[in-house]
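What follows is a short report on a single structure.
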């Protein structure tokens, strides 16, 4: 591996940094976007059950808020009613939408960075290719008219290794970005539907 890095020259180091950063982001997103942390199964059913006759007490709402992202959105609806029992349905939905936007911001964290790496890695590989081409042309213009075989081989190595390494980074980064993007969209849809269902339930409860 070290021999490949040596053959690829100094342009490979920014690509190595990008690969390490991309790997760290992918691992972090896999840990943070676990279903149990975002939309635990049956949580909405449990919330509807405990609020069949009345709005839960503030301490129960606090526990719900700490449970998950879905719990945070649902708890915002209960807090709105605890704060103002006569709030309108629009105000109730507005409170939960505000909590949903905060949750969405957390869910989308680092996705733009991963997309940037997927876009930038091929360009950085192309930059390494250009550096390699400069080395190749430098080998052909040595004094005396003869090319320098060592310099020529080094230039070819820089060009090919950097191009390949840029693609090796960009393709998985793009795949993971699309995967996480779709996963976040699914979570956001679940949160939106759950908040609407809770809003209808609370309005029925008040009647």
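Miscellaneous remarks
- Applying the condition of being in contact with a helix residue (DSSP H, G or I) (Cβ under 8 Å, 6 or more places away or on another chain) and more than 22 Å from residue 107 (Cβ to Cβ) to segment 32-51 and asking which residue is surrounded by the most Cβ atoms within 10 Å (Cβ to Cβ) yields 51.
- Among the residues making up segment 167-184, those that are touching a residue at least 12 places away in the same chain (Cβ under 8 Å) and under 12 Å from the mean Cα position of the chain (by Cα) are 173, 174, 176, 177, 180, 181, 183, 184.
- Residues within segment 66-75 that are within 17 Å of residue 197 (Cα to Cα) and either without any contact (Cβ under 8 Å) to a residue 12 or more places away in the chain or not in a helix (DSSP H, G or I) (or both), tallied: 0
- Within segment 64-86, tally of residues that are under 25 Å from residue 104 (Cα atoms) and surrounded by fewer than 13 Cβ atoms within 10 Å (Cβ to Cβ): 2
- Selection count, segment 1-23, where residues are surrounded by 12 or more Cβ atoms within 10 Å (Cβ to Cβ), modelled with pLDDT of 85 or more and more than 16 Å from residue 127 (Cβ to Cβ): 3
- Residues of segment 52-61 that turn out to be assigned to a helix (DSSP H, G or I) and surrounded by 14 or more Cβ atoms within 10 Å (Cβ to Cβ), as a count: 2
- Pairs with Cβ under 6 Å, 6+ apart, first in segment 144-166 and over 29 Å from residue 119 (Cα atoms), second modelled with pLDDT under 85 and not in a helix (DSSP H, G or I): 148/142
- Selection within segment 98-123 - surrounded by fewer than 19 Cβ atoms within 10 Å (Cβ to Cβ) and closer than 17 Å to residue 61 by Cβ: 98, 102
- Residues in segment 76-97 that are farther than 22 Å from residue 63 by Cα and in a helix (DSSP H, G or I): 89, 90, 91.
- When each of 94, 112, 88, 119 is tested for being within 29 Å of the chain's Cα centre (by Cα) and modelled with pLDDT under 90, the lone residue that passes is 94.
The values are calculated or read from the model by the stated rules, or taken from the named source; none is laboratory data. What you see is a predicted model, and the numbers here were worked out from it, not measured in a lab. Cβ: placed from backbone, ideal geometry, glycine included. Neighbour counts: every protein chain shown.
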